[in-house]
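Shown next, in structure tokens, is the structure this report addresses.
What follows is calculated from the coordinates using simple rules that are stated; it is not laboratory data. Predicted model, so just to flag it, every value in this text is computed and none were measured. Cβ placement follows ideal geometry from the backbone for every residue including glycine, while neighbour counts extend to all protein chains displayed.
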Amino acid sequence: MIARTARMLGFEVFFPIGIDRNGIGVERYTEKRFNISLHEIEREEFLSYCKKALDELEERMISIMISLGISGDFENYYRTDSEEYRKLTQSTFINLWNRNLIYVDTRPNNFCPNCKTTIADAEVIYEEIPADLVYVKFKVEDEDLIIATTRPELICACQAVLVHPEDKRYEKFVGKKALLPIYKREVPIIAHPSVNQQFGSGAVMICSYGDSEDVRLFRELKLKEIVSIDSEGKMSSNAGIYAGLSTREARKKIIEDLEKNGLIVKRESIIHRTPVCEKCRTPIEIIPMKEFYLKQLPFLSKIKECAKNLTFYPEMHRQILINWINSITIDWPISRRRGSKTVGN
Ligand SMILES: [Zn+2]
């Protein structure tokens, strides 16, 4: 509509049609369409299946666009998986790398154990999923401190126990050390206002990483991270006897072990707001991984300055851009792990 209007007003309009042929959505569609798994066939073969699936879809998409009367250039449309397009993507990457704007760092990332890739915050959705809230005894000198958790398999990665500063029940424990069950390692007991006194026992363990709140607290309290889950979504060697199990299997097993040793005082079925992968609805894990990052933090004030000087139609959209700039707290993780048979990670 905008292109046609401009053309009718006498402007010379360049309106290319582009077909997006990349992304996890394409991979999922191809797997379903041909009943294959990306993780079980060779990379080149999988790509040729993707191409086949996309060619079928593309033909339909183009004919729909034409019948809608879209006035783009259908003679010269581009595809995001063409040789030229890939060249452009790669040269952009190399250019940014040469200008020191891209770096490699290890940081906690959202990871889908089913898609076997890191995913952006925007690709995480929340679902109400039933969970077992277990009340576990941690020893503090001669006394028991009861921790409520839905993720007992992460005890191996616990680096602190938190209680609310105004919680009279736990006042006497603050500043002392709690002894982790099974692992027999000591962690500090810290008073912190983020704890919800009404949830569970009011005492929580902070592990790397149960959820994004753990990530935040590890940063704030300068705790040293322990990698509990590997890039296959399995328990790491830090989990001791549970190493190699999936988180679900490890959870079941550790609950049995804790119960056998009389270390569980109560179990409750709760509905837990759980972060899941938008594509496949698998609960996500937060795993520290090596990824490529594109610097964006050093440019925020400059972009904000630009946002002030641009003309917006409608004016309210200026605030959308400013809110977005203000929400950026880390550099942009740009790598994606695609676990095909030949490439691995
Ligand atoms: Zn997934």
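Packing around the peptides 228-237, 199-208, taken as the average count of other Cβ atoms within 10 Å per residue, puts them in this order, highest first: 199-208, 228-237.
Students often get this wrong, so check it: of Lys116/Lys137; Lys51/Lys252; Lys52/Lys116; Lys87/Lys279; Lys224/Lys252, which have C-alpha atoms separated by over 30 Å? Over 30 Å apart, Cα to Cα: Lys116/Lys137; Lys51/Lys252.
With respect to the chain, whose longest principal axis is taken over its alpha-carbon atoms, helix 83-98 is tilted by about 50°. Axis of helix 24-34 versus longest Cα principal axis of the chain: the two differ by about 80°, to the nearest ten degrees. Taking the fewest neighbouring Cβ atoms within 10 Å as the starting point, the ordered list for Leu68, Leu162 is Leu68, Leu162.
Listed from fewest to most Cβ neighbours within 10 Å, the set Val136, Val187, Val163 follows the order Val187, Val163, Val136. Find, among the trypsin sites (Lys or Arg not before Pro) in segment 102-178, those assigned to loop by DSSP (not H, G, I, E, B) with at most 16 other beta-carbon atoms within 10 angstrom. Counting only loop positions with at most 16 other Cβ atoms within 10 Å, the trypsin sites (Lys or Arg not before Pro) in segment 102-178 are Lys176. Only DSSP H runs of four or more residues enter the estimate; each adds -39500 (n - 2.57), and after division by the residues of the chain the mean residue ellipticity at 222 nm equals -9500 deg cm²/dmol.
Among the GluC sites (Glu not before Pro) within segment 155-209, those in coil by DSSP and having at most 13 neighbouring Cβ atoms inside 10 Å are Glu166. Listed by Cβ neighbour count within 10 Å, with the fewest neighbours leading, His39, His164 appear as His39, His164. Relative contact order of segment 1-99, taken over Cα pairs closer than 8 Å and 6 or more residues apart, is 42 percent.
Our coupling estimate for segment 254-270, obtained by passing each phi through the Karplus curve with A = 6.51, B = -1.76, C = 1.60 and θ = phi - 60°, is 6, 5, 4, 5, 5, 5, 4, 8, x, 9, 10, 9, 7, 10, 10, 8, 10 Hz, Gly and Pro reported as x. Excluding same-chain neighbours fewer than eight residues apart, the aspartates and glutamates reachable from Lys253 by a Cα-Cα span under 13 Å are Glu153. Restricting the GluC sites (Glu not before Pro) of segment 3-33 to loop positions (DSSP other than H, G, I, E, B) with no more than 15 neighbouring Cβ atoms within 10 Å leaves Glu12.
For the chain, what's the relative contact order in percent, using C-alpha pairs closer than 8 Å and at least 6 residues apart?
Rounded, it is 22 percent for the chain.
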